[in-house]
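Here's the structure, in structure tokens; my notes come after.
The values are calculated or read from the model by the stated rules, or taken from the named source; none is laboratory data. Keep in mind it's a predicted model, so treat the numbers as computed, not measured. Neighbour counts are summed over all protein chains in view; Cβ atoms, including those assigned to glycine, are modelled from backbone coordinates with ideal geometry.
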Amino acid sequence: MNTEAGNAAVKPKVIIGHGDNFYWTGINSLEGRDSRFATTFEEKFSGNNIKTIPWVNVLGNHDYGGASYVCNQGDNNAKCESTDALLQGLDNKFKWQSEYTSPNDNRWNLDDHFYVHRIEDPATGVSIDIFNVDTNDADIHGAMQILLLWR
């Protein structure tokens, strides 16, 4: 990515990261968050040509746990023991990414599950609205775990 962006004739205004930011099971704890961001995001996309460009993100199914459990014990995935625990797990998976602050011009943006990010070019007066829609939340992983809790 660093090479391709550096060779581009036009420098991008934003980079759109729409899901599956952290394979395979997302970020599993607040304690493990910064190390995951360092190795999977900051170090991987560290070229001077893209280091300060904002990233506009939503979560993907793997960010919510992939094929694994949503809840955690430490930095490991764990079966949710109740519906409340499952809902808290889903909230945590989102919160641990949305509250991250990048040391590179705070370039990581994850404002909400559904939000609009506007790009404006003052030189031309052109603006573009990016509609960010998270369609993965409870219907992918949460629903299956709730069914298992009710059995």
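Some notes on this structure:
- Scanning the stretch 75-110 for residues that are at pLDDT 95 or above and hydroxyl-bearing (Ser, Thr, Tyr), we see that the one that is nearest to the chain's Cα centre (by Cα) is 98.
- Residue match in the stretch 132-141 (condition: modelled with pLDDT under 90 and surrounded by fewer than 13 Cβ atoms within 10 Å (Cβ to Cβ)): yes
- Taking the stretch 111-131 as the range and being over 14 Å from residue 13 (Cβ atoms), surrounded by 13 or more Cβ atoms within 10 Å (Cβ to Cβ) and at pLDDT 95 or above as the test, the residues that pass are 111, 115.
- Hits in the stretch 19-47 - residues which are not in a loop (DSSP other than H, G, I, E, B) and not charged (D, E, K, R): 30, 32, 35, 37, 38, 39, 40, 41
- Among residues of the stretch 84-96 that are in contact (Cβ under 8 Å) with a residue 24 or more places away in the chain and crowded, with 18+ Cβ neighbours inside 10 Å, those with a beta-carbon under 7 Å from a residue that is in a helix (DSSP H, G or I) and of a type in the set (D, E, K, R) at least six positions away or on a different chain give the pairs 90/137; 93/63; 96/33.
- When the stretch 48-63 is filtered for residues that are over 14 Å from residue 103 (Cα atoms) and either among the basic types (Lys, Arg) or surrounded by fewer than 19 Cβ atoms within 10 Å (Cβ to Cβ) (or both), the ones remaining, listed by number, are 49, 61.
- Cβ pairs under 7 Å, 6+ apart, first in the stretch 16-27 and of a type in the set (Ser, Thr, Tyr), second part of a strand (DSSP E or B): 25/77
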